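Scroll down for the structure; my scribbles are underneath it.
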Amino acid sequence: MDLTFKRQGYQNEGLTKEQLSPDPFLEFEAWFKEANESEPIPNAMSLATVNHSGAPMLRTVLLKLFDANGFVFFTNYKSRKADQIAE
């Protein structure tokens, strides 16, 4: 299957510090609202950790809440993913 047609350019004027909110949670909220209008699962996020041996682990979790206190995500507590996060 040829997927080369999916390629798109990502060139624009860029992002400057002056364009950002001084509050990172307000900035994230604005970006999340934009993603919510165009992405099928806008709350999917990647969470990376390292295990006790220092090996990196990357998994996808679902963001359920964010506010000035931080981000809350859910995963199955009985999964391998949860065991890796708990290490």
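Things worth noting here:
- Nearest-0.05 FRET efficiency for K33 and Q11, computed from C-beta distance (R0 30 Å): 0.80
- Over the chain: helical MRE at 222 nm, DSSP H runs n ≥ 4 each giving -39500 (n - 2.57), nearest 500: -7500 deg cm²/dmol
- Charged-residue dipole, Cβ positions (Lys, Arg, Asp, Glu), the chain about Cα centre, Debye nearest 20: 520
- Hull-based mean projected area of the chain, where the convex hull spans the alpha carbons, in square nanometres: 9.4
- Across V72, V50, V61, mean-square fluctuation computed from a Gaussian network of the chain (C-alpha pairs under 10 Å connected) peaks at V50.
- Leading residue at positive end of dipole, the chain (Cβ point charges), from L63, A30, T75: T75
- Couplings 3J(HN,Hα) for the stretch 70-87, derived from phi with the Karplus relation 6.51 cos²θ - 1.76 cosθ + 1.60 (θ = phi - 60°), are x, 10, 10, 10, 10, 8, 6, 4, 9, 8, 4, 4, 5, 4, 5, 5, 6, 4 Hz, where x marks Gly and Pro.
- Compared with the dominant principal axis of the Cα atoms in the chain, helix 24-38 is inclined by about 80°.
- The trypsin sites (Lys or Arg not before Pro) found in the stretch 40-79 that occupy coil by DSSP, while having at most 12 further C-beta atoms within 10 Å, are K78.
Any read-out appearing in this document is the output of simple, stated calculations on the displayed coordinates, not a laboratory observation. Small disclaimer: the values here were computed from a predicted structure and weren't measured. Using ideal geometry, Cβ is built from the backbone for each residue, glycine included, and neighbour counts are taken over all protein chains shown.
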